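Down below is the structure, laid out as structure tokens.
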Ligand SMILES: CC(C)(COP(=O)(O)OP(=O)(O)OC[C@H]1O[C@@H](n2cnc3c(N)ncnc32)[C@H](O)[C@@H]1OP(=O)(O)O)[C@@H](O)C(=O)NCCC(=O)NCCS
């Protein structure tokens with residue numbers, strides 16, 4: 001009996017998730033984005049999105065939950081977040097795009113990965129007290145190539161480019177660009193070896 005009730009509960013749960021996805025979650029997300037391709041898979045709640053920046057999502061993209069994306073740029077040009085085809089963005093992902101963050105086709109972003117194309121707050125204490133806006137040179141686009149794997153909890157900082165097929169180890173803090181076909185790890189991330 002308990003097993004039967006468990007199965008019924010699971011089926012009801014699947015049905016409810018499917019219904020909310022079709023009726024609310026996916027339409028709400030698509031309405032917020034400039035473009036979303038075919039076969040979007042939203043695993044949970046609609047991503048929390050700040051700001052009016054442009055969001056472009058390719059085909060067959062998987063987006064976990066919860067997700068927070070900040071595109072509330074202080075600069076005059078609108079921020080852009082561009083996610084390619086077949087990209088997977090796992091749970092508790094945070095992206096702060098004040099200029100541009102680009103994620104190439106087939107790239108895998110593990111849980112708890114954070115990506116910042118800006119320094120968030122001025123380093124100068126006086127400027128922080130005055131709530132000064134960031135200067136243009138305190139932000140720079142982050143460009144992640146194709147078929148990159150970013151391990152759990154990694155943090156990618158402003159101005160970083162990650163070449164195609166590269167791997168960022170779990171927990172790495174990437175402050176400098178990574179060439180293609182390269183494994184990096186550590187804080188600050190350093191090259192461990194080339195791949196292939
Ligand atoms: C990067 C990774 C794939 C490397 O695996 P591997 O090829 O088997 O590499 P090794 O375990 O042989 O490690 C190679 C070297 O890198 C170091 N290293 C590996 N992972 C590291 C990490 N996350 N941080 C710091 N150093 C790391 C090892 O200590 C080793 O150093 P040494 O040569 O001085 O002994 C793996 O360690 C990793 O981080 N996987 C991510 C897992 C994850 O995030 N899963 C979430 C679901 S997608």
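Points worth noting:
- Residues that are in a loop (DSSP other than H, G, I, E, B), near the ligand (Cβ under 9 Å from one of its atoms) and either touching a residue at least 24 places away in the same chain (Cβ under 8 Å) or surrounded by fewer than 14 Cβ atoms within 10 Å (Cβ to Cβ) (or both) within the range 158-188 comprise 170, 186, 187, listed in sequence order.
- From 192, 143, residue being more than 14 Å from the ligand (Cβ to nearest atom), modelled with pLDDT of 95 or more and assigned to a strand (DSSP E or B): 143
- For residue 89: the one exception among (1) within 17 Å of residue 170 (Cα to Cα); (2) surrounded by fewer than 23 Cβ atoms within 10 Å (Cβ to Cβ): (2)
- Failed item in (1) surrounded by 14 or more Cβ atoms within 10 Å (Cβ to Cβ); (2) under 30 Å from residue 40 (Cβ atoms); (3) without any contact (Cβ under 8 Å) to a residue 60 or more places away in the chain; (4) away from the ligand (no atom under 12 Å from the Cβ), with residue 108 passing the rest: (4)
- Residue that is assigned to a loop (DSSP other than H, G, I, E, B) and free of Cβ contacts under 8 Å to residues at least 60 places away in the same chain, where the choices are 101, 123: 123
- Subset of the range 13-50 (residues that are more than 24 Å from residue 70 (Cβ to Cβ) and modelled with pLDDT of 95 or more): 38, 39
The values are calculated or read from the model by the stated rules, or taken from the named source; none is laboratory data. The model shown is predicted, which means the values in this text are computed figures rather than measured ones. Counting neighbours? That spans all protein chains shown, and the Cβs are built from the backbone with ideal geometry, glycine included.
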